[in-house]
Structure formats: C-alpha cells, structure tokens
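Engineer: Before I ask anything, let me first share the structure, which is written out below as structure tokens.
The values are calculated or read from the model by the stated rules, or taken from the named source; none is laboratory data. Every value quoted in this text rests on a predicted model; they were computed, and no experiment measured them. All Cβ positions, even for glycine, are placed from backbone atoms using ideal geometry, and neighbour counts span all protein chains on display. Only protein heavy atoms, including side chains, enter the accessible area calculation; ligands, DNA and RNA are left aside. Shrake-Rupley method; radii C 1.70, N 1.55, O 1.52, S 1.80 Å.
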Amino acid sequence: MSDFELVIRNGTLIDPERRRVTVGNLGVQNGRIAALTRAELAGEREIDAGLRAVCPGFIDIHAHVDGHPYSARRMAGQGVTTTVGGNCGMGPLDLEDCFAGLDRRGFPIHQAMLVGHSFALREAAGARNPRRPATPEQIRTMLALAEKALAAGAAGISFGLEYAPGSSWEEVLALSQLAARHGKLVAIHLRTDGWAGLDALREALRLNERTGAALQISHLAYQLGMGMMTEAVGMLDAAVAGGRDVTADSGMYHAFATYIGSAVFDEGCVAKWGCGYQDLYAATGPYAGKPLTEAIYRELRAGRGRDVVVAFAGREAEVYEALLPEYVMVSSDGAVGRPGPGNGHPQDVGTFPRFFQKAVRETGTLSLLEAVRRCTLLPAERLGLKNKGRLRVGADADLVIFDPETIADRAGYPGFGQPDAAPAGIRAVIVNGVVVAEEGAVRETALPGRAVRAANQVWHWV
Ligand SMILES: [Zn+2]
C-alpha cells in the first residue's frame, strides 16, 4: 500500500525559507507536503525528477488572469500555481461572488485578488470620467465597497493611476489608509511612465510615508525601464534602507501591453517614449501581429479601444537592472485583454521560464536559490500566505519540477514569433497535489485551484 498520493523522487529540493538546496524525495498527501526525506517513499503516483529542481510553485503577484481559465492554463504551463488578480485598478468588484465561483467550479491554479480602484471602484461609485477627481460622496462609496472586498478576502487595493489620471490625492490617500488599517497591500501602477514616472514614484512612496500601508510598486520595468531605472531603484533602495514597508515587482520583457483605448496611449505617447507608431504592435483584434501606422493607431483609438497593443518603449538592460534589489519579485502582468490561441504577449506564457533562463543561466544576475525565493517565498510573505511559497512539511503541495539547464521561454512578440508558444524545460507543475502540466502539456480538465482569501494581516508585528 502506498503512503502517499504522489511521490517526487530524486529531486534537487530548493527550500527558499531555510536557503537550502539538497537532494531528496517528497511525498504529498491531501494536497499538502507530507514528507521531505532521503528515505525511499512509495506513492500511488510517482515522478522521477532525475535531479531536476523541485521548488514551491511560482506566485505571480501581478497578472490579469482574474478568473479566466484559458489564461490560467497558460500560467500553469509556465509554473505559476497562484496568480494575483485585480491589478492596475481593474478586475471584479464583488469578490465574495468571484471567490465562491472559483471554489464551486474549481480553477486550473489558485487565484488571489486585489480590489481595483481605477476601473472597478470608480465605475461603481459613479466616477466614470477617468480625467476627473471623484467627489467626496463618491470617495465615501468607494471606501464602503473596498471595505467589503477586503472583508471578503481581497489581498489589498490596486491602483492604475495612469488609467485614471484625474484621480485626486485625497481619494488615493483615503483608500490607502483603509488598506493600512486592514494590514493589506496597496499595489500601484504609477500615475505616469517615462521621466515623469519618477515623480509618480515619489507620490507612491509618499502614500506609504503618510499611511504606513504596505506598498507594492507594480511592473517596474514597464513604467521606468526607459532610461530612468537607476534613479528609480535608488529611490526604492533609500526607502527600504530607511525601514519603509516597500517592495516591487517587475517582468522579463522590455515591451509592455495594454488597451489601445486607455490613457496610456494618449496623444503624444510615442514622442514621450522616444519611439514611433511602427514600434507599436497589435496583440489582439484584426491587426494582431502587425505594426501600427498613425492611421491604424487613430482607427483603433476611435473604435477598438479594448484591443491590446504592445509598445516597444523600454530598454532591455533595464529589465535586468530592475531585478537586482532583493525586495523585487518577478511578475508577468500577463493575460491583459483576455488573449486567445495564437495571440497575446509572450509574458502570458513565458515570464517565469525566461526569468530562470536569462537572470540565472545566461546573465548570472541571480543564483538559482535566490531566483526561486523571488517568485515563491517573497510574494507569499508579501501576501501573508503562510502555507504557500515554502518547501516544508505541512505547506500546500503547489510545486514545480524544472531543469535549470534547459528551462526557456519560446514565445515571441506578436509580429516576431508565436506569442503563445509553450516554454521548454518544465517537467511538471503541481497544484494542490494534482499534476496540472507535464512535459509541456497542460491538462485542460484539471481544476484543483481554489480562491485564495487573504485573511491574515500582511503587517504582523507584535
Ligand atoms: Zn499595470
């Protein structure tokens, strides 16, 4: 008789908590890690890791999967076992309903949620013009709705200030104070990018100084990787060195993707980024895979605002510079605009494989152990998830088995490659003790993922 539902034998076990790398066997029972040992284990199902890396599943602290199963499966294929949604001020408002649906139907991976200010809360409160500040009455409505979402298990409040540039300091401050009282995260897509993004970063840091709210600066390279990363990291370093509760996340690509109809693509954007219309590529819609012209830019802006466009506005070297500080996690920003087969952005399928390929193997920016910590323990601690991101007995059996020598992103930008090509080098991905992806193939019917309600305070000094 088997003692375990699943046994992974002969793995290089990477434990980011104790900072240990050792060879051994791992047993899973009832969705939890039940044994870590060099002794032989017997399981109903056994996987020989062949000395490949075995580590906690990746936690993507910034994505837009938001309960969409297709995108969740693409995330599973790249080793993500928990995705955090409701980012950039977007996402659903009724989280009680959202979480209940995920638990009832099951989901390919685990889904945590933030509640978004700049679309979700603003629209529900009647502040529909993104260029105008909310009224005091609308702020009161947003506070009540946000409080409800936090009580339902939201991990924090997200802001997409670039999408709602009219947002006043008063409304952002009031919501940040609420998050601080609940001990939950404030995640900010900065008010502007490029050089003015440094002022926007100052604004975000001031929110932390005024409220004490745990601050997460979202997708650093996408907003500040255009020549100002050294200065941006210097500001963050100073805040962290001064004891401020500030962290950040950043992706693996220098071209970001978002809705063409949003304020991000307002008139003058290409001049601000120092590029041209030909550096903008449609990722979804009728022009998917094609570079824009000024005429197509205007056509999409006028009538197809929900199409996603990739902007080659950043510098590749700054992608790696953003990953150097020990408080920076890897994030995908993936699944924006609900991509389907054949379209989207390579971040939807390749962020985490690319992180290990580029940051560890090719550039030597980070050690394998430190790289694992950045996408497991660090986000788990940030979100107050005590049973995830850890390789120890009793922790949730969310696991990845991959080959550090061959793991690679094989996706390409729209117009240059296949945006949804599956990565190489991932042997298996396990969610709640269930294998959801194996040898590059995602099991379409596996739904072991659940809603992740953030009940614990992120801030837990006593
Ligand atoms: Zn964003």
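Engineer: Would you point out which residue out of Ala144, Ala164, Ala152 is in the same structural domain as Met90 (by TED's automatic domain parsing) and within 25 Å of Thr258 (Cα to Cα)?
Structural biologist: Being in the same structural domain as Met90 (by TED's automatic domain parsing) and within 25 Å of Thr258 (Cα to Cα) holds for just one of Ala144, Ala164, Ala152, which is Ala164.
Engineer: Still on this structure, please answer the following. Can you spot a residue in the stretch 382-401 that is open to solvent by 40 Å² or more (accessible area, probe 1.4 Å) and small (Gly, Ala, Ser)?
Structural biologist: no
Engineer: Those residues that are modelled with pLDDT of 95 or more and buried (at least 21 other Cβ atoms within 10 Å of the Cβ), I need them from the stretch 240-262; list them, please.
Structural biologist: Within the stretch 240-262, Val246, Thr247, Ala248, Asp249, Ser250, Gly251, Met252, Tyr253, Ile260 meet the criteria.
Engineer: Can you run down the residue pairs with Cβ atoms below 7 Å, 6 or more apart or on separate chains, where the first is in the stretch 215-228 and of a type in the set (Val, Ile, Thr) and the partner is within 11 Å of the ligand (Cβ to nearest atom) and in a strand (DSSP E or B)?
Structural biologist: Note: pairs meeting the criteria are Ile217/Ile188.
Engineer: Could you tell me how many of the residues in the stretch 62-114 are buried (at least 20 other Cβ atoms within 10 Å of the Cβ) and either in the same structural domain as Gly425 (by TED's automatic domain parsing) or of a type in the set (D, E, K, R) (or both)?
Structural biologist: Counting residues in the stretch 62-114 that are buried (at least 20 other Cβ atoms within 10 Å of the Cβ) and either in the same structural domain as Gly425 (by TED's automatic domain parsing) or of a type in the set (D, E, K, R) (or both) gives 3.
Engineer: Is it true that some residue in the stretch 341-351 is within 16 Å of the ligand (Cβ to nearest atom), under 23 Å from the mean Cα position of the chain (by Cα) and β-branched (Val, Ile, Thr)?
Structural biologist: There is at least one residue in the stretch 341-351 that is within 16 Å of the ligand (Cβ to nearest atom), under 23 Å from the mean Cα position of the chain (by Cα) and β-branched (Val, Ile, Thr).
Engineer: Give just the number: which of (1) hydroxyl-bearing (Ser, Thr, Tyr); (2) under 18 Å from Ala313 (Cα atoms); (3) outside the structural domain of Arg354 (by TED's automatic domain parsing) does Thr230 not satisfy?
Structural biologist: (3)
Engineer: Considering (1) under 11 Å from the mean Cα position of the chain (by Cα); (2) in a strand (DSSP E or B), say which one His62 fails and leave the rest.
Structural biologist: Checking His62 against (1) under 11 Å from the mean Cα position of the chain (by Cα); (2) in a strand (DSSP E or B), the one that fails is (2).
Engineer: Name the pairs whose Cβ atoms lie under 8 Å apart, with the first residue in the stretch 151-170 and under 15 Å from Gly86 (Cβ atoms) and open to solvent by 10 Å² or more (accessible area, probe 1.4 Å), the second away from the ligand (no atom under 16 Å from the Cβ) and assigned to a loop (DSSP other than H, G, I, E, B), and 6 or more positions between them or separate chains?
Structural biologist: Matching pairs, first to second residue: Ala152/Arg453.
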